[in-house]
Amino acid sequence: MKPGQGHALFTAECSHTFHFHCISANVKHGSNNCPVCRTEWKELPFRGPLVAAIPQGSARINPVNGQQNGGHMTLLRPLPRARSSGRLHHVTCLLPDTDRSVFNDDEPLDLCEATDDHQQGCSRTVEITTHPEFTEIPESTSERSFTVLIHLKAPLAQSLHVPGDDSSPNTGRAPVDLITVLDVSGSMAGTKLALLKRAMGFVIQNLGSSDRLSVIAFSSSARRLFPLRRMTESGRKQSLLAVNSLTSNGGTNIAEGLRKGSKVIEERQAKNPVCSIILLSDGQDTYTVSPSTGAHKPFTVSPTACAQKASAEYCALLPSTNGSQQVPVHVFGFGADHDAVSLHSISQTSGGTFSFIETEATIQDAFAQCIGGLLSVVAQDLRVKVESVHPDVHFGSIRSGSYSSRIADDKRNGSIDVGDLYAEEERDFLMTLNVPQGCGEETALLKVGCVYKDPLMKETINMAEVQVKISRPAFVSVQTVSIQVDRQKNRLHAAEVMAAARFSAERGELAHAVSLLEDCRRMIMGSASGQSEGDRPRRLHGQREPDPGLPDDVDGRHGTALPDTDPLVDPEANPTDEARQVVPGAPAA
């Protein structure tokens, strides 16, 4: 045992720590298993007269006031051969576990359910459509810069997952390994922590029995609450119990939390088809990573400057892909004081999303949007391939936003790495190329195809290529620009202008920033898509902003929010009282 703020603490052989009087009462009621990881204990805490324990030769006792053996005092009793039922009756004041050096203790997958899902398959494939900037160009005319829009749309999910339904393993989707990395620093005290527990309760209740979850909590340091665990009925109860034990204190060590989360992924023994990290923080990172030693040191200059300088170091902490698919980190900045620069760099580098949660009440909605997407991944490692068809057509550029793209040296082949697609998710990319003079009724410019992995069937899908052609009449009276192409151009231009305006604003040039935005607005309003019905942009002033609790839609990523469940917080509990914060399924205190 070790003393802890006036309470003796008992560290079990599985490394989980509890208040001694709490866990001894639990053992007294017949439980021989760890309430967190369910490991069967060989040595149990014994609460009774010390004179009775000493003659048995099984107790090792150090004075509480003495600091022998690292300040620990061990009081153990051998496990009897026959005990009563190991069911959990009543446990309170649970604390997170002490981390192992190797995180290879993840719960094995259910091979029977995986086989059933494999046989079910997916009835549809990714849809590819293309839109040339103009459908007609005069035969005698050539274009040096011609734009083609490539549009992808993911198929529907075959069937919906019913939250909490373990009786029907065939959910028509790929199971998920999810690691949540949660900020429990001192600034999360009170209502924030209560709502975070509620949101985590929502996540736990909406994962299926084939999904696995692990939770990392970080403040000045980071700790793993439990290993990757299947969300069966018992798994949910144990997870809710562990989440409900969280308390807030200390600083904000984002780097260590991310390191622990990556370690869980890299060292897991089994792998579900879909894997992701959710990271939530409400403050500036008060620690950074030393490039030479890897040790954590407090910031000595402004947090913003350190965050910008440490972006590459954060990225180095992301899970190693080892040639396989990238693990996205979906990041949530909670409140106005979050470390936006660092969090955005983490999400962008990993291929995840960055969401700003402005108000505390929207945290569950934001988590729901993200989880809805993770539970509907229908395509993985998707790559778009483009190839010139006409011998005189060469590619100029690919505008793919944050997605990596490349054009071959001969300018006749290219590719875009898209990654994962959720059900019904859409993506748009712009290609520029030259158009030579025509010698017939039409000119074939390029062909577009894609290859991806079906996470449910575990098969590689090669899509049939789509060819892009334009008509070449002798004379064109009026050329009509494609609304789809013009709209995407406006989106990309607006994103570039907003980045420039933000840069000007950060330097104190507010008038210049406003001027950039107003010029952009006027340009979009005068464009073809701006003049079309339903595409008129809103004014920059006097308009209600979209809900900041929902993930950003700049890249077209749409997650489907799952239906709400019963209230996940005890209605009689005071949200500001951490000792009374309860999530569903956890034993009452």
Of Lys458/Lys489; Lys237/Lys271; Lys197/Lys263; Lys453/Lys489; Lys197/Lys453; Lys153/Lys192, pairs whose Cα-Cα distance is over 27 Å | Lys458/Lys489; Lys453/Lys489; Lys197/Lys453; Lys153/Lys192
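Multiply the residue separation of Lys153 and Met498 by 0.36 nm, subtract the distance between their alpha-carbon atoms, and state the gained length in nm to one decimal. Before the final figure, lay out each step's value.
On the way: separation 345, 0.36 × 345 = 124.20 nm, distance 2.68 nm.
Once the chain is fully extended between Lys153 and Met498, it gains 121.5 nm.
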At R0 = 41 Å, FRET efficiency that the Cβ-Cβ distance of Val476 and Ala511 yields, to 0.05 = 0.40
Taking Cα pairs under 8 Å and at least six residues apart, what relative contact order does the range 485-531 come out at, in percent?
-> 42
Highest mean packing first, using Cβ neighbours within 10 angstrom, the peptides 521-529, 374-382 sort as 374-382, 521-529
Label points 7 Å out from Cα along the Cβ direction at Ser101 and Glu40: separation in nm?
-> 2.8
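Quick note: the coordinates plus some simple rules give every number you see, no bench work behind them. A quick note: this is a predicted structure, and the numbers were derived from the prediction, not measured. Ideal geometry is used to build each Cβ from the backbone, glycine not excepted, and the neighbour counts take in all protein chains shown.
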